[in-house]
Amino acid sequence: MTAAALPGPKSKKWHDLYPQLGTGPIPIEPYVSREYFEKERDLIFRKVWLIVARVDQLPNPDDYLVRDLPVCRTSVLIVRGKDGVIRAFHNMCAHRGNKLVPEASGTCKGLFTCKFHGWAYGTDGSLRHISDEDSFFDPDRAALALTPIAANTWQGFIFINVDPNPRESLHEYLGEWGSGFDGYRFSELGATRFGWDTELNANWKVIKDAFQEVWHIPSLHRRTIPDVFTDAADKYGHAINFTLHARHGQISLPGNYTRTPTKVESFAVRHGAGATVIKQPHAALPARINATQDPRWSIDGNAIFPNCLLYVAEQTYLTHTFWPITENRTLWEVRFYYPEAKTLAQRFSQEYAKVILRDINMEDGSTLERTQTMLASGAKREIVLQDQELLIRHHHQVAETYLSQS
Ligand code: FES
Ligand SMILES: [Fe+2]
């Protein structure tokens, strides 16, 4: 789609491109129902590929991470082996079931030793030591190895799939969307990482939905970034492009390059912050980024089904990941990625971005808890979506394809 073919504010063009989504209201039940949440757990989260880390969190052999994933009913041990391969296992000792590694991360010196009775496992999951072995009854070492979990990587992101027999590879799961990012410097641009983990009293989709559209920004974020995506001609910051794939989707957003940043903001952005935008020529980017090569572009939001949003700008990227705990409580993980700061100005720029982004996310968080309260009130049975909320509608449609497979 070219700039000349962009939709006017009332054309409803994006839904016209995807008529299979319909335009009707969305039931509230998926946001409040314990039964629906349990179906999401069993038919989505325990079946699909999920982003859990980046490879540079495990730079060396024997480095490990533990991800407790209540929605998958397990704790996942992710470790880089001596051979450099990253593997994942259920974090469970085969003797009497202790959680093998209680620490969140570390380096293991080749062995994981269970603190209960001292059994030990290699980084390949093999059982290496049985304490008081003669007192056991012909233990089958192969059967008593750690239980593996499918793991693979895409652009340096580690994905796992707790289904013992994933129905498709990660490559197949990411599909057409997953191609077209080659050349984007995820590792280099992500050398510096910061973020927050927050538990919110809200359904995971209430939070996700808020980060799948930006037209709430002039209202909810009027004190922080009211005009980053908007200007006089486009007061709601309408998307410049949407592309929906089988499971995943993408929104491309304009930047308001005519606004006048404060002196401090201008200094920060010139030195690399991604919190706001100022005019600068765009370098050539891989095909999936700013897919329409629109000169007004500032950032893409990639909705990676089910629970991750990957926002990609020219010099920085960020992720929001939403881990359901119950139908009305969610662990919300925010990670911002920046290149290594080589000057004080660049460091200041990153600190500036942290503060702005913290304030923006605080504005979202408090609103979303209030939203959840009212969704659960029973006062209404449905919500309605407008054209800019296409990704929200897409999520519900994709989810249904999984939930109807029971
Ligand atoms: S439960 Fe791990 S050694 Fe006993
Ligand atoms: Fe927001």
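What are the DSSP H helices in the chain that stretch 18 Å or more along their long axis, judged by alpha-carbon atoms, and whose average Kyte-Doolittle hydropathy comes to at least -1.0? List each step's numbers first, then the result.
Values: long enough: 344-375 (46 Å, -0.49); 390-403 (20 Å, -0.09).
What comes out of the filter, once short or polar helices are dropped, is 344-375, 390-403.
Can you compute the FRET efficiency between residue 116 and residue 155 using 1/(1 + (r/R0)^6), with r the Cβ-Cβ distance and R0 = 45 Å? Round to the nearest 0.05. Numbers along the way, then the final one.
Numbers: r = 38 Å, r/R0 = 0.85.
Working from the Cβ atoms, E equals 0.70.
Find how many whole Å separate the alpha carbon centroid of the stretch 122-142 from the alpha carbon centroid of the stretch 346-406.
So the two Cα centres are separated by 47 Å.
Which of rounded, prolate or oblate describes the stretch 243-372 when judged by the alpha-carbon gyration tensor and an a/c cut-off of 1.5?
Numbers: a/c = 1.93, a/b = 1.27, b/c = 1.52.
Oblate.
222 nm [θ] for the chain, helices only, -39500 (n - 2.57) per DSSP H run of 4+, per residue, to 500? All intermediate terms of the calculation are to be shown ahead of the outcome.
Numbers: 10 runs with 94 residues, N = 406.
-6500 deg cm²/dmol, from helical runs alone.
Set the bar at 24 Å for Cα to Cα. Now go through 39/208; 208/380; 39/99; 205/380 and name every pair that lies beyond it.
Beyond 24 Å between Cα atoms: 39/99.
Which percent of the accessible heavy-atom area of the chain goes to carbon and sulfur, probe 1.4 angstrom? Could the numbers behind the result be given before it?
Numbers: 9930 of 18750 Å².
Roughly 53 percent, rounded to a whole number.
Return the distance in nm (one decimal) between the two label points of a simple spin-label model at residue 132 and residue 292, each offset 7 Å from Cα along Cα→Cβ.
Each label point lies 7 Å from its Cα, and together they span 7.0 nm.
State the percent of C-alpha pairs, over all pairs in the chain, separated by a distance greater than 39 angstrom.
Values: 18184 of 82215 pairs.
I get 22 percent for the Cα pairs in the chain exceeding 39 Å.
Between residue 270 and residue 56, with labels modelled 7 Å along Cα→Cβ, what's the label distance in nm to one decimal, could you check?
2.6 nm
Heavy-atom accessible area per residue, the stretch 43-86, 1.4 Å probe: how many Å²? Please list the in-between numbers first.
Numbers: 1490 Å² over 44 residues.
It amounts to 34 Å² per residue over the stretch 43-86.
Counting Lys and Arg as +1 and Asp and Glu as -1, what is the net charge of the other residues whose Cβ lies under 15 Å from the Cβ of residue 198?
Values: positive: 208, 329, 335, 354, 358; negative: 197, 199, 333, 359, 363, 364, 369.
In short, -2.
Given labels modelled 7 Å from the Cα in the Cβ direction, how far is it in nm from residue 405 to residue 383?
Those two pseudo-labels are separated by 2.6 nm.
What is the packing order of peptides 212-219, 303-310, taking the mean over residues of other C-beta atoms within 10 Å and listing the highest first?
Values: 212-219: 18.9, 303-310: 23.1.
The densest-packed peptide leads the list: 303-310, 212-219.
Quick check: residue separation of residue 42 and residue 18 times 0.36 nm, minus the Cα distance between them. What number comes out in nm? Intermediate results must be reported in sequence, preceding the final value.
Working: separation 24, 0.36 × 24 = 8.64 nm, distance 2.83 nm.
Extra length from residue 42 to residue 18 when fully extended: 5.8 nm.
Between residue 220 and residue 263, what FRET efficiency follows from the Cβ-Cβ distance if R0 is 41 Å, with the result rounded to 0.05?
Working: r = 26 Å, r/R0 = 0.63.
In this case the efficiency is close to 0.95.
Sort 67-78, 256-267 by packing, meaning the average of other beta carbons within 10 Å per residue, with the highest value first. List each step's numbers first, then the result.
On the way: 67-78: 19.7, 256-267: 13.3.
Output ranking for 67-78, 256-267: 67-78, 256-267.
The values are calculated or read from the model by the stated rules, or taken from the named source; none is laboratory data. Quick caveat: nothing in here was measured; it's all calculated off a predicted structure. Every residue, glycine as well, gets a Cβ built from its backbone with ideal geometry; the counts of neighbours run over all protein chains shown. Calculation scope for accessible area: heavy atoms of the full protein, side chains included, ligands and nucleic acids excluded. Shrake-Rupley method; radii C 1.70, N 1.55, O 1.52, S 1.80 Å.
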